[in-house]
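> Below you'll find the structure I mean.
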Amino acid sequence: MKKEEIQKLFKNKSFSKILLDEPMKNHTTFKIGGPADLMVIPSSEEELIKAIKLSRENNIDFLIMGNGSNLLIKDGGIRGVVIKINEGFNGIKVDNTTIYCQAGALLSTISKTALKHSLKNLEFASGIPGTIGGAITMNAGAYGGEMKDVVTTVRVLDKNNEIKEYTNAEMNFRYRNSRVWDEGLIVLSVELGLEKGNYSTIEEIMKDLTYKRTSKQPLELPSGGSTFKRPEGFFAGKLIEDAGLRGLRHRGAQVSEKHCGFVVNAENATCKDVLYLISVIQKVVKDKFNVELETEIKLLGED
Ligand SMILES: Cc1cc2nc3c(=O)[nH]c(=O)nc-3n(C[C@H](O)[C@H](O)[C@H](O)COP(=O)(O)OP(=O)(O)OC[C@H]3O[C@@H](n4cnc5c(N)ncnc54)[C@H](O)[C@@H]3O)c2cc1C
């Protein structure tokens, strides 16, 4: 279907928020990405499912995104529909030691809620800048914790537009991966099972982890987080540093001076700039240490 037809189709179905020819760089933490033909920002589960069904029924390609903190979008942008599950579908409810979250709720907000209720075990997630939907998808983790440790059940929409509920064990969580990717599922909501803890201890752990992040990671520059997955037996950042690539720059893209595991958007970088730099890093690290670096950030879109 042509762009204009897609735009007309969605405009006629009265969604609460749609954006036409929307620059993806406004929606990614990398601040990179060309225009999406159409972006829908659903404000309820019904609207979210309506957008997915409409796309599927009309054979329109669609991309689900959360907060765009793990995405590198190509400079030509996204053909078809981007469904952004974030603001508008981000409710959080607490019942004793259980937290119920809609997929668009931010991990930072959920962690703050956990702290407010003196619930522990989610401290690791407080500084991850994504939604719970995105975090479930890739079993996000940090400082020894991962989503797998705190999830009780996940409600999803499957490829047949059926709503299913999976237990933690059924989610097939593994390092930066889960059943969501295996089966192209869409996360609708998540139930977290936490434990009662001590407010001050939880707060202290969160502060300590925030300090670790701000002192070690280049949070002052746009990026997609760790550019590469951790290769078995190594740390990507250390390999890149030992290869002498700290600060290496290609046009607007740069290996962070602060943490070599991050490629940052130092100055109006394009996706092409980042991809070129990534290819150089991969080649040098392979030549020097015989280690293949696999990207953790998701590359999507058209050149
Ligand atoms: C500064 C910085 C620090 C970071 N630190 C960490 C860290 O410590 N640990 C870590 O694991 N990650 C980290 N990340 C990466 C990122 O924040 C996580 O991967 C996060 O879980 C991505 O969530 P998101 O909502 O931004 O997803 P997006 O980037 O929007 O999407 C990522 C993927 O998830 C899919 N997706 C999103 N929502 C849904 C949904 N509801 N249903 C189905 N699929 C969905 C998308 O299609 C896409 O494939 C960091 C990123 C940055 C920029």
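The values are calculated or read from the model by the stated rules, or taken from the named source; none is laboratory data. Only a predicted model underlies this, so the values are computations on that prediction, with no experimental measurement involved. In this analysis, Cβ positions are derived from the backbone assuming ideal geometry, glycine residues included, and neighbour counts consider all displayed protein chains. Please note that ligands, DNA and RNA were not included when accessible areas were found on the heavy atoms of the full protein model with its side chains. Shrake-Rupley method; radii C 1.70, N 1.55, O 1.52, S 1.80 Å.
> Looking at segment 77-93, which of its residues are buried (at least 17 other Cβ atoms within 10 Å of the Cβ) and closer than 15 Å to LEU192 by Cα?
Result: ASN90, ILE92.
> Given the conditions (1) within 13 Å of the ligand (Cβ to nearest atom); (2) open to solvent by less than 70 Å² (accessible area, probe 1.4 Å), and given that LEU219 satisfies all but one, which numbered condition is not satisfied?
The one condition LEU219 does not meet is (2).
Each row is one residue, and each column tells you yes or no for (1) touching a residue at least 24 places away in the same chain (Cβ under 8 Å); (2) under 20 Å from ALA135 (Cα atoms); (3) not in a loop (DSSP other than H, G, I, E, B).
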residue: LEU188; (1), (2), (3): yes, yes, yes
residue: THR210; (1), (2), (3): yes, yes, yes
residue: LEU239; (1), (2), (3): yes, no, yes
residue: HIS259; (1), (2), (3): yes, no, no
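> Here are the criteria: (1) more than 9 Å from the ligand (Cβ to nearest atom); (2) under 11 Å from ILE132 (Cα atoms); (3) not in a strand (DSSP E or B). Tell me which single one GLY104 does not satisfy.
(1)
> I would also like to ask the following. What strands (runs of 3 or more DSSP E), lying completely within segment 30-91, carry at least 2 residues that are out of contact with any Cys (no Cβ under 7 Å at 6 or more places or on another chain) and touching a residue at least 24 places away in the same chain (Cβ under 8 Å)? Before the answer, list the steps.
Working: elements: 35-40, 62-65, 71-73, 78-84.
Of the strands (runs of 3 or more DSSP E) lying wholly inside segment 30-91, those with at least 2 residues that are out of contact with any Cys (no Cβ under 7 Å at 6 or more places or on another chain) and touching a residue at least 24 places away in the same chain (Cβ under 8 Å) span 35-40, 62-65, 78-84.
> Now a separate question. Is it fair to say VAL274 is in a helix (DSSP H, G or I) and within 16 Å of the ligand (Cβ to nearest atom)? Working first, answer last.
On the way: in a helix (DSSP H, G or I): yes; within 16 Å of the ligand (Cβ to nearest atom): yes.
So VAL274 fits the description; yes.
> Ok, one more. Mind listing just one residue for me: the one in segment 280-303 that is under 29 Å from VAL82 (Cα atoms) and of a type in the set (D, E, K, R) and, of those, most open to solvent (accessible area, probe 1.4 Å)?
Our first condition is that a residue be under 29 Å from VAL82 (Cα atoms); within segment 280-303, this holds for 293-303.
If we keep only those that are of a type in the set (D, E, K, R) as well, we get 294, 296, 298, 302-303.
Working: GLU294: 107, GLU296: 25, LYS298: 59, GLU302: 84, ASP303: 138 Å².
Checked segment 280-303; the qualifying residue most open to solvent (accessible area, probe 1.4 Å) is ASP303.
> While we're here: Give the residues of segment 137-151 that are aliphatic (A, V, I, L, M), assigned to a loop (DSSP other than H, G, I, E, B) and closer than 18 Å to GLU296 by Cα, sorted by residue number.
Residues of segment 137-151 aliphatic (A, V, I, L, M): 138, 140, 142, 147, 150-151.
Next, only the ones that are assigned to a loop (DSSP other than H, G, I, E, B) stay: 138, 140, 150.
Matches in segment 137-151: MET138, ALA140.
Per-residue answers, yes or no, for (1) in a helix (DSSP H, G or I); (2) over 30 Å from GLN254 (Cβ atoms):
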| site | (1), (2) |
| --- | --- |
| ALA135 | yes, no |
| ASN160 | no, yes |
| TRP181 | yes, no |
| MET206 | yes, no |
| PRO218 | no, no |
